[in-house]
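Just passing along the structure, written as structure tokens.
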Amino acid sequence: MVYYLNDIEHKQLLKKLRPLSRSVGVTEELRGWSWDNSPLKPYHDVKLPMYSICSKYCPTSRDVYLKHVLKKKGEMTYPVSLGSVTHAAINEAYRQVRRKNFNPAFEEWYNVQKFENIQGNLELIKKYAGMVWKHVLTNAESKFRDALSSQPYSTEEDMIATSAPFLIEHKISGELIGCSGILSVDCYDYLHNIMFDVKTGIKKEEVNPYKLYATGYALVFESVYEVPVDVGCTVFLNFKDDRLLVERDLFHISDDLRSWWIEERDKKLEMVYEEKDPGMAECERRCMYAAECMA
Ligand code: SF4
């Protein structure tokens, strides 16, 4: 259930996170709608995509310098390929859910996709994407049938909207706070007001840096729509043999997370604006820019 919370998570949301966000709150100047004042106001005329601001896999952030200053493209890796294909499968599966089509053919869809330069074991990537596809559709259908049977006067369209209350791949501009103008949000649950971000092939134990993504998207939402978004959730998808493992990390989008996101944004906007090479990190040279750093 990629974006559906389980019973325990619902209890955590209601008994822990909501009361926490009501009692602790969020400082007004750290709300996205305060984008025109410090500290949220960006001071450099540079716009970066969310992944460049939030990604922490390069300890010196040289990947950001290579991509945005030297305009290097980098090379696809297996983890990036898997992430990109599974994201596409989730998005298409939910698109079919909104059409009340719970049994679309995965093969047909997959075979006409033009996934650019995907790397690694292509059969395995396809298999994993198919598992996610099936998981999304099966769960969405079950929620839909359940909702339909409990509301005799509802329309099917209404029950789709309430049983799968997700804005998927919502396009939004992050320009007010220094992000790209063509951001795409993995998922926003509009009934429970939760910002989701999906990560593939990453363990929940490595969770902390990944909270930055949902935090950044929440700030963007607040800057554009002026509605508070207090809860974020990172969804971790992993594959073990023939099994899809789904874990979620629900969290309060606190002042600390917001300040951390702003710090990362400022550091990276400044690096790109000043065209400053941060130098190579001691790393395993396995990222998309490994060839550049080994040259
Ligand atoms: S190869 Fe290492 S130093 Fe170079 S961008 Fe990647 S993580 Fe950073």
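The values are calculated or read from the model by the stated rules, or taken from the named source; none is laboratory data. Values in this document were obtained by computation on a predicted structure and should not be read as measured data. Positions of Cβ are backbone-derived with ideal geometry, glycine not excepted, and every protein chain shown enters the neighbour counts. Just the protein is used for accessible areas: all its heavy atoms, side chains included, with ligands, DNA and RNA removed. Shrake-Rupley method; radii C 1.70, N 1.55, O 1.52, S 1.80 Å.
Using a Cα-Cα cut-off of under 22 Å, which lysines could be cross-linked to LYS126, ignoring same-chain neighbours fewer than 8 residues away?
Of all the lysines, those that pass the test against LYS126 - Cα under 22 Å, at least 8 places apart if same chain - are LYS114, LYS134, LYS199, LYS203, LYS240.
Once you place label points 7 Å from the Cα toward the Cβ at SER259 and TYR78, how far apart are they in nm?
4.1
Where does each of 268-281, 80-93, 43-56 land if you order them by average Cβ count within 10 Å, highest first?
Working: 268-281: 15.2, 80-93: 20.9, 43-56: 17.7.
Put in order of decreasing packing, that is 80-93, 43-56, 268-281.
Would the range 112-223 count as rounded, prolate or oblate if I go by the C-alpha gyration tensor, calling it rounded below 1.5 in a/c and otherwise prolate when a/b exceeds b/c, oblate otherwise?
Values: a/c = 1.92, a/b = 1.18, b/c = 1.62.
Cα axes put the range 112-223 in the oblate bin.
Using a 1.4 angstrom probe on heavy atoms only, work out the carbon and sulfur share of the accessible area of the range 25-100 in %.
On the way: 1890 of 3650 Å².
After summing per-atom areas, the C and S share lands at 52 percent.
Turning to a different aspect of this structure: What nm value, rounded to one decimal, do you get for the distance between LEU14 and ASN111 when each label is placed 7 Å out toward the C-beta?
Placing both labels 7 Å beyond Cα along the Cβ direction yields 4.7 nm.
Could you tell me what percent of the accessible area of the range 172-279 is made up of carbon and sulfur, with a 1.4 Å probe and every protein chain present?
Numbers: 1980 of 4280 Å².
Result for the range 172-279: 46 percent of the exposed heavy-atom area is carbon or sulfur.
Next up: Can you return the aspartates and glutamates within cross-link range of LYS16? Criterion is Cα-Cα under 15 Å, with same-chain partners fewer than 8 residues away left out.
Counting by Cα, and skipping residues close in sequence, LYS16 has these aspartates and glutamates nearby: ASP7, ASP230, ASP249.
In addition: Explain nothing, just the number: dipole magnitude of the chain about its Cα centre with +1 on each Lys and Arg Cβ and -1 on each Asp and Glu Cβ, in debye rounded to the nearest 20.
Values: 39 positive and 44 negative charges, 99 e Å.
Charge dipole of the chain: 480 debye, to the nearest 20.
Give, in whole angstrom and from largest to smallest, the semi-axes √(5λ) of the equivalent ellipsoid of the chain, with λ running over the eigenvalues of the Cα gyration tensor. Please list the in-between numbers first.
Numbers: eigenvalues 203, 137, 53 Å².
In descending order the semi-axes read 32, 26, 16 Å.
Would you mind working out the accessible area per residue for the chain, using a 1.4 Å probe, and quoting it in Å²?
Numbers: 15170 Å² over 295 residues.
Ligands and nucleic acids excluded, the figure is 51 Å² per residue.
Something else: How large is Rg over Rh for the range 194-295, taking Rg from the Cα atoms and Rh as the Kirkwood inverse mean of 1/r across Cα pairs? Each step should come with its number before you reach the end.
Values: Rg = 16.6 Å, Rh = 15.9 Å.
That ratio equals 1.05.
Bin width 10 Å, origin at 0, all Cα-Cα pairs of the range 113-172: what percent of pairs per bin?
18, 32, 28, 17, 5
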